[in-house]
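Accompanying notes for the structure given below.
What follows draws every value from the coordinates through simple rules; no lab data is involved. For clarity, every value in this text was computed on a predicted model and none was experimentally measured. Backbone-built Cβ (ideal geometry, glycine too); neighbour counts: all protein chains shown.
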Amino acid sequence: MENEFLIKRKISVIVPVWNEEKYLPVLLEALDTSLKSDPNLEVLVVDGGSTDRTRKIAANYGVKLLKSEIRSRSAQCNLGAISAAGDILFFLHADCLPPFDFPDRIRTNTDRKIRSGCFRIRYESGNLWLRWNAKYKDWDWNLLRFGDQGLFMEASLFRECGGYKKEWKVMEDAEIVRRIRKLTSFKVLDSSITVSPRKFYEIGTIRLQFSYLVCSFLFLAGMGPECLEKAYRILVGSEKKSVRFH
């Protein structure tokens, strides 16, 4: 009876994208396996104006494709949530791969009165700094959570907390989790998402890690979204064409 109830809860996987032709096929191929075996699972790809083959790739996989007028993860996640049919929302980055049994893990935990949570992470690379970064993000504390951990929550909770704040382009996931924690419990599951280390390679491992630490401190100190965005740009180097808040 319990398993029958679990499989009835529909999960909407929401993937905000912008120029993700390299990583999106890998993610959609993995999700396609889950889609074929789980009728109560849907995938929504929310494009922020890609200029590469991202939209065509999403269309080829037959997932629900949405176009956001604003290129911002906050705006794209909100659009996906509004369009989702599931009563559980799972926000997933295009360069992240969830564990194969993620639907069951999410359903099991939300059915135990936990209305929100995320996964632990591990990087494709065995770089020492990246392993440290993963441990830093996995630490089960109440202050910060990050989008590459795969945030999930009940759709009713998303509406209750007001969704993502569109003005937040940096630390937007930490900001929404901060509001969620005021309403209900939040759990870090004992299972990992595999994350691409691309941003560390593009910007520099130590530089990006330092940028994350500074922005985390500024966020906890109460700095607003515009100042945080400016600080992040300065820290990573605005001259970097690959820098994205996405």
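Please list 3J(HN,Hα) in residue order for the range 15-29, calculated via the Karplus relation 6.51 cos²θ - 1.76 cosθ + 1.60 where θ = phi - 60°; whole Hz, with x for glycine and proline.
10, x, 9, 7, 6, 10, 4, 7, 9, 4, x, 5, 5, 5, 5
Which residues' amide hydrogens lie under 5 Å from the amide hydrogen of residue 67, considering only partners 5 or more residues apart or on another chain, with H built in the peptide plane?
For residue 67, the qualifying residues are 47.
Assigning unit charges at the beta carbon (Lys, Arg +1; Asp, Glu -1) and nothing else, what dipole magnitude in debye, to the nearest 20, does the chain show about its Cα centre? Please list the in-between numbers first.
Working: 40 positive and 31 negative charges, 109 e Å.
Dipole size: approximately 520 debye.
Computed FRET efficiency, Cβ-Cβ of residue 214 and residue 179, R0 22 Å: what is it to the nearest 0.05?
Numbers: r = 23 Å, r/R0 = 1.03.
Efficiency for this residue pair is about 0.45.
Please list, by residue number, everything in the range 169-188 whose backbone N is under 16 Å from a paramagnetic label point 7 Å out along Cα→Cβ of residue 226.
169-170
Once fully extended, how much extra length lies between residue 198 and residue 38, figured as 0.36 nm per residue of separation less the alpha-carbon to alpha-carbon distance? Don't skip to the end; give the middle numbers.
Values: separation 160, 0.36 × 160 = 57.60 nm, distance 3.07 nm.
Here the answer is 54.5 nm.
Helix 205-220: angle to the longest alpha-carbon principal axis of the chain, degrees 0 to 90, nearest 10?
80
Starting from the Cα of residue 187, step 7 Å toward the Cβ, then list every residue of the range 95-117 with an amide N under 11 Å from that point.
From the range 95-117, the list is 105-117.
Mind checking the angle between helix 128-138 and the chain's longest principal axis? C-alpha axes, 0 to 90 degrees, to the nearest 10.
Approximately 50 degrees, to the nearest ten.
A 31 angstrom limit on the alpha carbon distance is what I want to check against. Which of 22/230; 36/165; 56/187; 10/187; 166/187 exceed it? Working shown, then result.
Details: 22/230 28 Å; 36/165 34 Å; 56/187 36 Å; 10/187 20 Å; 166/187 25 Å.
The answer is 36/165; 56/187.
After finding the eigenvalues of the alpha carbon gyration tensor for the range 2-198, what semi-axes result from the square roots of 5 times each, listed largest first in whole Å? If you can, show how the numbers build up before the last one.
On the way: eigenvalues 97, 81, 66 Å².
So the equivalent ellipsoid measures 22, 20, 18 Å along its semi-axes.
Suppose R0 equals 51 Å. What FRET efficiency, 1/(1 + (r/R0)^6) with r the Cβ-Cβ distance, do residue 30 and residue 166 give to the nearest 0.05? Don't jump to the answer; show the numbers that get you there.
Working: r = 29 Å, r/R0 = 0.58.
Efficiency at R0 = 51 Å is approximately 0.95.
Explain nothing, just compute: Karplus ³J(HN,Hα) = 6.51 cos²θ - 1.76 cosθ + 1.60, θ = phi - 60°, for every residue of the range 31-39 in order, whole Hz, x for Gly and Pro.
Once θ is set to phi - 60°, the couplings for the range 31-39 become 5, 4, 4, 5, 4, 5, 9, 10, x Hz.
Would you calculate, for the chain, the mean residue ellipticity at 222 nm contributed by helices, counting each DSSP H stretch of 4 or more residues as -39,500 (n - 2.57) and dividing by all residues, to the nearest 500? Write out the running numbers ahead of the final one.
Numbers: 11 runs with 110 residues, N = 246.
The per-residue figure over the chain is -13000 deg cm²/dmol.
From the backbone phi of the range 98-112, what are the Karplus-calculated ³J(HN,Hα) couplings (6.51 cos²θ - 1.76 cosθ + 1.60, θ = phi - 60°) in whole Hz, Gly and Pro given as x?
So the J values, rounded to whole Hz, are x, x, 4, 9, 4, x, 5, 5, 5, 4, 4, 6, 5, 7, 9.
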